[in-house]
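Just so you know, all these numbers are worked out from the coordinates, no wet-lab data involved. For clarity, every value in this text was computed on a predicted model and none was experimentally measured. In this analysis, Cβ positions are derived from the backbone assuming ideal geometry, glycine residues included, and neighbour counts consider all displayed protein chains.
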Amino acid sequence: MTGTLDTSGRATASVNALAGEIVDRLVAGAERYRLAVSRGSLGELLIDAGAKVAGGIDAGLLLTEICLGGLGKVTLSPAPGQKNWPFWLTVSSNDPVVACLASQYAGWSLSHEKFFALGSGPGRSLARKEALFQELPYKDSADRSTIVLEAGAPPPEAVVAKVANDCGVSPDKLAFVYAPTQSLAGSVQVVGRVLEVALHKAHELKFPLEHIVDGIAAAPLSPPHPDFVTAMGRTNDAIIYSGRAHLFVRGSAAAAKELAEKLPSSTSRDYGRPFAEIFKAYKGDFYKIDPSLFSPAEAIVTAVETGETFRGGAIDEKLLEASFG
């Protein structure tokens, strides 16, 4: 199966087919990755990556690549010069708009009675339920699909039926991979959004998505915590106060310079405190937080047609320490 076109007009492989190959690896290596694999009442594939099982960092790396629709590479390696938190996740993609915005972005609201989760992953590009897809020409075509949930439980039958219907696949061809933020795999996949938040911020700044041709980003692996708000805060702070993103763009040097200056999280009015404190200050209302806060601490933008590179923002080690403890 193949997708259609990406934002630059290139033919792009099916994110659902590519992610499905990674799902198959998880299923085949369930014991190795410390996962629980089962089938739900409608025949859907359920993969618990950290709710009732240990999961782990390796599972989180693959989970992040599933979120990226198989169009991104995720690695964990030492970061020279980083004393207290030396192991960083690096995410790269030569098709970052499709990988990050058409697949990885957690933008599909899925709820039924007491269940609520934001759907991420390649299934979004089949359903195309979000306003964002009006600006993304990419459409996928596949007979199987995958949705990733930042959740501590599998979706109820009503949600499974809705997703299957919206994606145009039978429930037995649908996979849900889920892990709570407090788990190792869950924390890895959230920090693994460091490139995605850079793309999303660029979109919010009205930078032409078709001008973004490549991207790489990195952020420190955050230590998990059993408390949800603390765990969520740490994963966000890893990106907000220590994330670094390098985008390669077409267009004028002036536009690249402006993007580098406006992209960093320090441009937000809410910048300057650990995310958990900000979240509590807004009484847990996520949507009252300034959206511009959700971006890497440091931006590097290279204008590929002129060879010029511009920088903005900086890593804040003190705020990272305040969050990670």
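Using alpha carbons only, how many angstrom separate the centre of the range 100-152 from the centre of the range 242-270?
When both Cα centres are located, 26 Å separates them.
With only Lys, Arg, Asp and Glu charged, each at its Cβ (+1 for the first two, -1 for the last two), find how big the charge dipole of the range 222-325 is about the Cα centre; round to the nearest 20 debye.
Dipole about the Cα centre, nearest 20: 140 debye.
Given R₀ = 25 Å, FRET efficiency for Asp227-Phe115 by Cβ-Cβ distance, to 0.05?
0.75
Within 11 Å, Cβ to Cβ, of Gly215, how many net charges do the neighbouring residues add up to if Lys/Arg are +1 and Asp/Glu are -1?
-3
Kindly give the semi-axes, whole Å and largest first, of the ellipsoid equivalent to the range 131-191, taking each as the square root of 5 times a Cα gyration tensor eigenvalue.
23, 17, 10
List Val27, Val98 from most exposed to least, where exposure is judged by having the fewest other Cβ atoms within 10 Å.
The most exposed by this proxy come first: Val27, Val98.
Grab the DSSP H runs of the chain that are 4 residues or longer, score each as -39,500 (n - 2.57), total them, divide by all residues and round the 222 nm result to the nearest 500 deg cm²/dmol.
Calculated mean residue ellipticity at 222 nm is -9000 deg cm²/dmol.
Loop only per DSSP, at most 10 neighbouring Cβ atoms within 10 Å: give me the trypsin sites (Lys or Arg not before Pro) in the range 201-234, ordered by residue number.
Answer in residue order: Lys206.
Do any trypsin sites (Lys or Arg not before Pro) in the range 257-325 lie in a DSSP loop with no more than 13 other beta carbon atoms within 10 Å, and if so, which? It would help to have the intermediate numbers written out before the result.
Details: sites: Lys257, Lys262, Arg269, Lys280, Lys283, Lys288, Arg311, Lys318; in loops: Arg269, Lys283.
Sparse-neighbourhood loop trypsin sites (Lys or Arg not before Pro): Arg269, Lys283.
What is the magnitude of the charge dipole of the chain about its Cα centre, with +1 placed on the Cβ of each Lys and Arg, -1 on the Cβ of each Asp and Glu, and no other charges, expressed in debye to the nearest 20?
That gives a dipole near 260 debye.
Using a ≥ b ≥ c from the Cα gyration tensor of the chain (square roots of the eigenvalues), is it rounded, prolate or oblate, where a/c under 1.5 gives rounded and otherwise the larger of a/b and b/c decides, a/b for prolate?
Taking the square roots of the gyration eigenvalues as a ≥ b ≥ c, the chain is oblate.
Which pairs in the list Lys173/Lys206; Lys206/Lys288; Lys206/Lys318; Lys114/Lys288; Lys114/Lys280 are over 25 Å apart, alpha-carbon to alpha-carbon?
Pairs exceeding 25 Å: Lys173/Lys206; Lys206/Lys318.
For the chain, what is the percent of antiparallel DSSP beta bridges, rounded to the nearest 5? Can you show the working numbers first?
Details: 37 of 52 bridges.
In the chain, approximately 70 percent of DSSP beta bridges are antiparallel ones.
Filter the trypsin sites (Lys or Arg not before Pro) in the range 24-123 down to the DSSP loop ones having no more than 15 other Cβ atoms within 10 Å, then list what survives.
Within the range 24-123, the qualifying trypsin sites (Lys or Arg not before Pro) (loop, at most 15 other Cβ atoms within 10 Å) are Lys52, Lys83, Lys114.
Please report, in whole Å³, the volume per residue of the convex hull around the C-alpha atoms of the range 151-300.
Considering the Cα atoms of the range 151-300, their hull volume per residue is 139 Å³.
What's the longest uninterrupted piece of the chain once you rule out the GluC sites (Glu not before Pro) that are loop residues per DSSP with at most 14 other Cβ within 10 Å? Show your work: numbers first, answer last.
On the way: sites that count: Glu113, Glu135, Glu305.
With GluC sites (Glu not before Pro) excluded where exposed in loops, the chain gives 136-304 as its longest stretch.
Among His225, Pro296, Val194, which residue has its Cα positioned farthest towards the positive end of the charge dipole of the range 193-325, with +1 placed on the Cβ of Lys and Arg, -1 on the Cβ of Asp and Glu, and the dipole taken about the Cα centre?
Farthest towards the positive pole: His225.
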